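> Okay, here's the structure, questions in a sec.
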Amino acid sequence: MVRHTKTTRRRLAFTIVAVSIVMTLFVMRLVDIQVVRASALSAESLEKTETGDTILATRGSILASDGSVLAEAVMRYTVQVSPKDAGEFERDVDGTEQTITLDQATNEIGAIVGKAGPEVLALITDALAADKDSLYALIAKNLTLDQLRALKALEIPWTTFSESPSRVYPNGAVAGNIVGFVGEEGEAQAGVELMDDSCLAGENGRTTYEKGSGGLPLPGTTVTQSAKDGGDVVLTIDKDIQWFSQQSLAAQAQAVGASWGIVTVMEVSTGKLLAVAEYPAVDPGNVSATAAEDRGSRAFAAPFEPGSTYKSLTAAALIDQGVVSPNSQVVAPFRYLPSNGADINDSEFHDDMNLTLSGVMVQSSNTGMSQFGEKLDADTRYAYFQKFGQLQKSEVGFPSESGGIMADAADWDNQTTYATMFGQGFSTTAIQGASLYQTIANGGVRMPVQLVEGCKHADGTVTDVPDATGTRVVSADAAKQVSDMLEMVDQESWVAANVDVPGYRVAMKTGTAQQPDGEGGYSSSYLVSMAGFAPAEAPQFVVSVNLADPVKMNSSAAVAPIFRDVTTQVLKSRGVQPSTEPAPNLPLDF
Amino acid sequence: MSGATAALDLAPDRFGRAKPRPERLAPERRHIRAVLPGALAKTRPRPLYAVIVVGAVIAIVSGQLLLSVGLSQGAYQIQQLEGQQVELGRTSAALAEDLDRLASPQYLAVNAQALGMVGNSLPSYLRLSDGAVLGTPTPAAASTSPIFGATLVPNAQTATIPLVGGQNPAAADGASSPDAGTTPVPLQDGLPSPTTR
């Protein structure tokens, strides 16, 4: 009995130990699978069973201020064939079976996609030559819906079709330099497309499911994360004014042989850009037709020495500081040699002239302006450049935007101290130039420059609305006095006859700026400008025109027709009433 | 669970302590009796139940069949309608795209010019409040009109769309506008439409 029990106990112990070992092994394995390698294994299993498709989000549109489309996403189609299966097939034509040969089929495809039949056939035979079991050969991409439907109607069994999102620019080069463009794969490359990519780009969605044998989705395993379409960017650009400005600019730029030009139209009360026309213009739908250096926006990215249009800034600063008035007098010689050693000339020889400040503006006398300008120290004038927004990038934040180039007042040499009074010795962008005139026209209050109204989402909400808080730069009285002087320029300067807008009072200033040669001196090329606003008694629109190097007419007369036509068109299209009060009449000389 | 436990279980038996228990249980057991085959045989089978059951089965099976036929019919219809919706959506998008192209200022301007229209750069207004005429009304002439050349502001999207009267937009450039002014091109088939349509 005792012996039996002993054996039983030994067996029992052995069994317990054996079972324990096996259990321990199982538990270890379990922990290894469920805990240690859990994520790797489940990922591997999902990879084998789960599959998914990307749901493409639609990129938002870029709209002009009236809602018309400047850039939009469209669907294009791709046709491909299975070369291995390409061959004769039967087609039902009016109830009778017809045999269509491969040649016939490729000719039919070619006629629709715009290739020769043999060319299509070659794509198939080449694919077969590379791989006799080839199942894929691309025939054509970027097909329209009509082409797709025509191809489908051919009922060729070995053709397949796929969708590929594309982008079109229905208005072509209208605001092309501003709108920008996207690359082959739809990636933003320039302009607003790049600047507001975060608004325009949507978030792709994804649908995932576990697949059974045969690749069919198992019921109840489909998880869909819907795509979030991009928002629409609404610009402040007026499509028609933009087009007219570009039209007028291009015609005149070609007539005078200018290398490039810019027209800027800005709303006085808001600082909104209604047009930023550039020549040469880029058609975002055909980018390669434009030279690489002309594809961006010079208005934002390329600063230049502005010239005499910036005498307005000096005059505004002088009057705001109370040191001169439009009737202050000066004797303007041809050549002025200030005590600091600078050497100032007027553009053409003349005898001494007895001019008022208004007269200096009308005659655009550098020597006269220098004698007024030296009444303010360099730091004060530098502070005005700052307040007028001439030393920093505009609020738009355009890709590659420049904030102009100007040395600190302390670093100005003798010549620069004077040159900055009449728009030389520093560079600004066309946008900064327009903003200067907006400030004067708006009673001395500078509004932030706006190009974008905001990002409009599918649910109607608008986000990213830019700030529109103005800052006072000069007193309303100083702004009015400068405006009156600019009206005198419009009436009395030598180009007055060329800029007359019948029925309206216009204020403007001309500029003919020498351009740096890149070696510290000035080249023989000029940049001619005209900047102003209308109607002068209650300014609504700033128009600023710049033409670089007009070889056939090297003066501001080259830009006069553009300024006149664009101003007229803006006033007309916005229904501005003709002026009824007479223009001021300030004394120009004594 | 072997020898040791068995030995313990057996122990009470040997001393005869647990004996009365089986006696007490015995009478209760007598209530349970085997059902004799004869008891069932006495009840005659009722055909009505069989008919009901078979009928119900047939009804359920055929009902399910009809339901699934109906469902799959509906699924086909849904698929067909969804396909139609996709096609109509594509058509709508393509037409909207065409409309955007036709509304481009370049295309409108060269078309207007081809029809003999000229731009008026000297606007005048009639003020409704007092009937005053603002500005000097002047007839617009081709000579003072800005020339709208299709190539000045290019548009790849409208380059292939014919103008009214079937003109080629490239041919109807600035140079031809004075002729267009004297011989207006008649509007033949309503508004022009893209060649692709």
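Computed from the coordinates by the stated procedures, all read-outs in this text should not be read as laboratory data. None of the values given here were measured: they were computed from a predicted structure. Backbone-built Cβ (ideal geometry, glycine too); neighbour counts: all protein chains shown.
> How about A:Lys141: which lysines have a C-alpha closer than 16 Å to its C-alpha, ignoring those fewer than 8 places off in the same chain?
A:Lys115, A:Lys152
> Over all directions, the average projected area of the alpha-carbon convex hull for the stretch A:164-242 comes to how many nm²?
7.3
> Once you place label points 7 Å from the Cα toward the Cβ at A:Ala407 and A:Gln254, how far apart are they in nm?
Each label point lies 7 Å from its Cα, and together they span 4.3 nm.
> Calculate how steeply helix A:430-441 sits against the longest principal axis of the alpha-carbon atoms of chain A, using the helix alpha-carbon long axis, and give the answer as 0 to 90 degrees to the nearest 10.
Long axis of A:430-441 versus the principal axis of chain A: about 50 degrees.
> Follow-up. Rounded to the nearest angstrom and ordered from largest down, what semi-axes does the equivalent ellipsoid of the stretch A:392-486 get from its C-alpha gyration tensor (root of 5λ)?
31, 19, 10
> Something else about it: Which entries of A:Lys387/A:Lys509; A:Lys311/A:Lys552; A:Lys393/A:Lys480; A:Lys456/A:Lys509 have Cα-Cα distances beyond 31 Å here?
A:Lys456/A:Lys509
> Considering all projection directions equally, how large on average is the shadow of the alpha-carbon convex hull of chain A, in square nanometres?
With the hull built on Cα positions only, its mean projection is 49.0 nm².
> Could you compute the net charge surrounding A:Asp232? Neighbours are other residues with a C-beta less than 11 Å from the C-beta of A:Asp232; K and R count +1, D and E count -1.
Computed value for this residue: -2.
> Collect residues whose amide H, placed 1.01 Å from N in the peptide plane, falls under 5 Å from the amide H of A:Leu274; neighbours closer than 5 in sequence don't count.
Correct list: A:Val265, A:Met266, A:Glu267.
> In terms of Cα to Cα distance under 18 Å, which aspartates and glutamates are near enough to A:Lys375, apart from those fewer than 8 places away along the same chain?
Correct list for A:Lys375: A:Asp320, A:Asp343, A:Asp413.
> Please list, ordered by chain and number, the residues whose modelled amide H lies under 5 Å from the amide H of A:Gly454; skip anything fewer than 5 residues away on the same chain.
Amide H to amide H, under 5 Å and 5 or more residues apart or across chains, A:Gly454 pairs with A:Val234.
> For the stretch A:496-590, state which trypsin sites (Lys or Arg not before Pro) are in a DSSP loop and have at most 15 other beta carbons lying within 10 Å of their beta carbon.
Listed in order of number, the matching sites are A:Lys552, A:Arg574.
> Under a point spin-label approximation (7 Å from Cα along Cα-to-Cβ), what is the A:Thr221-A:Met23 distance to one decimal in nm?
My value for the distance between the label points is 3.6 nm.
> Let me ask something else. Treat the count of other C-beta atoms within 10 Å as a stand-in for reagent exposure and order A:Lys228, A:Lys375 from fewest to most.
Ranked by crowding around the Cβ, least crowded first: A:Lys375, A:Lys228.
> Please list, short to long, the whole-number percent of alpha-carbon pairs of the stretch A:243-385 in consecutive 10 angstrom bins beginning at zero.
Result returned by the calculation: 10, 28, 26, 24, 10, 2.
> Hey, another quick one. Report, for the protein assembly as shown, the % of DSSP beta bridges that are antiparallel, rounded to 5.
The antiparallel fraction comes to roughly 95 percent.
> Lys/Arg Cβ at +1, Asp/Glu Cβ at -1, dipole of the stretch A:81-129 taken about the Cα centre: which of A:Val120, A:Ala86, A:Leu102 is farthest positive-ward?
The residue sitting farthest along the positive end of the dipole is A:Val120.
> About its Cα centre, what dipole magnitude does the protein assembly as shown give when the only charges are +1 on Lys and Arg Cβ and -1 on Asp and Glu Cβ, stated in debye to the nearest 20?
Roughly 6940 debye for the protein assembly as shown.
> Which length gain, in nm to one decimal place, applies between A:Phe349 and A:Ile16 when the Cα-Cα distance is subtracted from 0.36 nm times their residue separation?
108.0 nm
> Let me ask something else. Out of all Cα-Cα pairs in the stretch A:286-346, roughly what percent, to the nearest whole number, are more than 16 Å apart?
71
> OK, next. Measuring from centroid to centroid over Cα atoms, what is the spacing of the stretch A:244-288 and the stretch A:497-565 in Å?
Here the answer is 14 Å between Cα centres.
> Further question on the same structure: Which distance in Å, rounded to a whole number, links the C-alpha centroids of the stretch A:46-111 and the stretch A:415-468?
47
> How far is it, in nm, from the label point at A:Lys48 to the one at B:Ser92 when both lie 7 Å from their Cα along the line to the Cβ?
4.5
> Based on DSSP H runs of at least 4 residues, each adding -39500 (n - 2.57), what is the mean residue ellipticity at 222 nm of the protein assembly as shown after dividing by all its residues, to the nearest 500 deg cm²/dmol?
Computed ellipticity for the protein assembly as shown at 222 nm equals -12000 deg cm²/dmol.
> Pairing the Cα long axis of helix A:2-31 with the longest principal axis of chain A, what angle in degrees results, from 0 to 90 and rounded to the nearest 10?
Long axis of A:2-31 versus the principal axis of chain A: about 30 degrees.
> What number do you get for the stretch A:202-304 when its Cα radius of gyration is normalised by 2.2 N^0.38 Å, N = residues?
So the Cα radius of gyration is 1.85 times the expected 2.2 N^0.38 Å.
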